[in-house]
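*Asks:* Dumping the structure here so I can ask a few things about it.
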Amino acid sequence: MTFSSGTGRTGTYITVDIIIQLINRSIDSLSTMKLDVMGIVNQLRQERINMVKTTVNILCLGHFSFQLKRDCSFLGTIFIDS
């Protein structure tokens, strides 16, 4: 029996938390802000291997970003498509 270390799921949660923190911190400058979700993921992967590891992890982040854009129309322009 093999067990997952959980780094993929943990990295996904950390990425979501970083996105929320960046949006909250930069609420006044959202019109000029650009948010690169995959850039955040790549930075996490440099710090710890296997962060946001599977296709499901990536799809979860994509869904989260889509929901933010849909539900908070003022955020639609800040995400960089990658």
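None of the figures in this text is laboratory data; all of them are computed from the coordinates on show. Computed from a predicted structure; not experimentally measured. Positions of Cβ are generated from backbone atoms using ideal geometry, with glycine treated the same way; all protein chains shown enter the neighbour counts.
*Asks:* Net charge within 14 Å of Gly8 by Cβ-Cβ distance, Lys/Arg positive one each and Asp/Glu negative one each, not counting Gly8 itself?
*Replies:* +4
*Asks:* Under a point-charge model restricted to the Cβ atoms of Lys and Arg (+1) and Asp and Glu (-1), what is the dipole moment magnitude of the stretch 7-75 relative to its Cα centre, in debye to the nearest 20?
*Replies:* So the dipole magnitude of the stretch 7-75 works out to roughly 200 debye.
*Asks:* What spacing in nm lies between the two simple spin-label points modelled at Phe66 and Asp36, each 7 Å away from Cα in the Cβ direction?
*Replies:* 2.4 nm
*Asks:* Okay, next question. So which DSSP H runs in the chain come out at 18 Å plus along the axis (Cα) with average Kyte-Doolittle of at least -1.0?
*Replies:* 7-25, 55-71
*Asks:* Here's something else I'd like to know. If packing is taken as the average number of other Cβ atoms within 10 Å across a peptide's residues, how do 54-62, 67-75 rank, most packed first?
*Replies:* 54-62, 67-75
*Asks:* Return the distance in nm (one decimal) between the two label points of a simple spin-label model at Arg48 and Thr77, each offset 7 Å from Cα along Cα→Cβ.
*Replies:* Result: 3.6 nm between the two label points.
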